[in-house]
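Bear in mind that the values in this text are calculations on the coordinates, not laboratory data. All values reported here derive from a predicted model rather than from experimental measurement. Reconstructed Cβ throughout: ideal geometry from the backbone, glycine too, with neighbour counts over all protein chains shown.
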Amino acid sequence: RGVDNPIDAPNPVPKALWMISSPILHLHLVSDATGETNHQIARACLVQFDGVRAKEHVWSLVRTRSYLEKVITGLEAHPGPVLFTLVEPELRRRLEEACRRLEVPCISVLDPILSALGSHLGVQSHGRPGRQHEMDAAYFRRIEAMDFTLAHDDGQLVHDLEEADIVVVGVSRTSKTPTSLYLANRGYKTANVPIVPGIDLPDELFHLKNPLVIAFTTDPTRLIQVRRNRVLMLKQREETDYVALERVRKEVSDARRLFERQKWPVIDVTRRSIEETAAAVLQHLEKDDADNG
């Protein structure tokens, strides 16, 4: 009869061999808050390893001993590395004991950062679960930013663009909306205005004083691929000017000339993730703030 967990076998398989022979990496993300920190760190790390098939077991809001025992039961069923963010000492100790027994890595992802910051500041951290998710002023700024961004998507409500922190301009399918929503979740009021051939841009766009106006461009060939996928998804006729190579090249070229005339900073979003594009936008915003005092 087979043994489910090789570590519990009478003659356990060496850990390294067990890890190599396992077809799936079971990665347990244990948090006393939402688990978003663990998820982002795991994602950033896993992409550095080619060919790894990982299954994430997400355990969020782990704040009681009884719930932690369920986590440990799941860990026993599918042994694998544990990334955790737990501030309650007793829960940490119990989880670490279980990981030692199962011979799996147990990593407190925030400890090195908190330790370094504490040493630098000369103070100890509060150790309160989920503090970054409390409904403080920053939380309500994010809600306000999200409301603003949704209301100012795709060229809507251009009369009050001056209230925005960021205004994104670009041709269709250059990630304006998803990037705007990502920035809104970071607390930035973000409007986006599409450039459509044959349609004038709103006059308000050219007289803004406070917002950072930033332009998105992309490679025409890549843009056509994105647009074709959009057309297929909508089950529309594929061969239109919207995806015609020469027309798209002209559309992108005309937009670039506009950006140069207006001296708007330009970000090439070709093959950039939303997160990378948003990071580039925030770099420009920081520079703009510094230049304007």
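If you add up the charges near Pro211, with Lys and Arg at +1 and Asp and Glu at -1, over every other residue whose beta carbon is less than 11 angstrom from its beta carbon, what do you get?
Numbers: positive: Lys189, Lys209; negative: Asp160, Glu162, Glu163, Asp165, Glu204, Asp288.
Here the count lands on -4.
When only Cα pairs under 8 Å and 6 or more residues apart are kept, what is the percent relative contact order across region 137-291?
Contact order relative to length: 25 percent.
Considering only C-alpha atoms, what is the centroid distance from region 54-111 to region 216-245, in Å?
Each part's Cα centre sits 46 Å from the other's.
Gaussian network model of the chain, Cα springs within a sub-10 Å range: biggest mean-square fluctuation belongs to which of Asn192, Asn38, Asn229?
Between Asn192, Asn38, Asn229, it is Asn229 that shows the largest mean-square fluctuation.
By counting other Cβ atoms within 10 Å of each Cβ, how are Lys189, Lys209, Lys55 ranked from fewest to most?
On the way: Lys189 23, Lys209 6, Lys55 11.
Least crowded to most crowded, the residues run Lys209, Lys55, Lys189.
State the cysteines of the chain left without a partner when partners are defined as other cysteines whose beta carbon lies under 4.7 Å away.
Cys45
Give me, ordered by chain and number, the residues 5 or more places off His26 or on other chains with an amide H under 5 Å from its own placed amide H.
Close amide H contacts, sequence-distant or interchain: Lys55.
Got a sec to turn the phi values of region 150-166 into Karplus ³J(HN,Hα) couplings, 6.51 cos²θ - 1.76 cosθ + 1.60 with θ = phi - 60°, whole Hz, x for Gly and Pro?
Whole-Hz 3J(HN,Hα) from phi for region 150-166: 5, 6, 10, 7, 6, x, 7, 6, 6, 5, 10, 4, 4, 7, 6, 7, 9.
Note down the nm distance, to one decimal, between modelled labels 7 Å out along Cα→Cβ at Arg53 and at Ile199.
That separation, rounded to one decimal, is 4.6 nm.
What ³J(HN,Hα) values, in whole Hz, does the Karplus curve 6.51 cos²θ - 1.76 cosθ + 1.60 give for region 99-112 when θ = phi - 60°, with x put for Gly and Pro?
5, 5, 4, 8, 6, 10, x, 10, 10, 8, 5, 9, 4, x
What value, in deg cm²/dmol to 500, does the helix sum -39500 (n - 2.57) over DSSP H runs of n ≥ 4 give at 222 nm once divided by the residues of the chain?
Values: 10 runs with 131 residues, N = 293.
Computed ellipticity for the chain at 222 nm equals -14000 deg cm²/dmol.
Would you calculate the separation in nanometres between label points at Gln40 and Thr270, each defined as 7 Å from the Cα along the Cα-to-beta-carbon direction?
About 2.9 nm separates the two model spin labels.
Give the angle, between 0 and 90 degrees and rounded to the nearest 10, that separates the Cα long axis of helix 245-262 from the longest principal axis of the Cα atoms of the chain.
80 degrees
Find the all-direction average of the projected area of the Cα convex hull for region 179-274, expressing the result in square nanometres with one decimal place. Could the numbers behind the result be given before it?
On the way: hull surface 28.8 nm².
Mean projected area for region 179-274: 7.2 nm², to one decimal.
Would you pull out the residues with amide H under 5 Å of Asp268's amide H, same chain only if 5 or more places away, H placed 1.01 Å from N?
Result for Asp268 returns Thr217.
Suppose a student asked you for the relative contact order of the chain, using Cα pairs under 8 Å spaced at least 6 residues apart; what percent would you report?
Details: 388 pairs, mean separation 37.8, N = 293.
Relative CO of the chain lands at 13 percent.
If you look at just the Cα atoms of region 6-121, how large are its Rg and its Dmax in Å?
14.8, 50
Could you work out the pair-distance distribution P(r) of the chain from its alpha-carbon pairs, with 5 angstrom bin width and percents rounded to whole numbers?
Reading the bins upward from 0: 1, 5, 9, 11, 12, 11, 10, 10, 9, 8, 6, 4, 2, 1, 0, 0.
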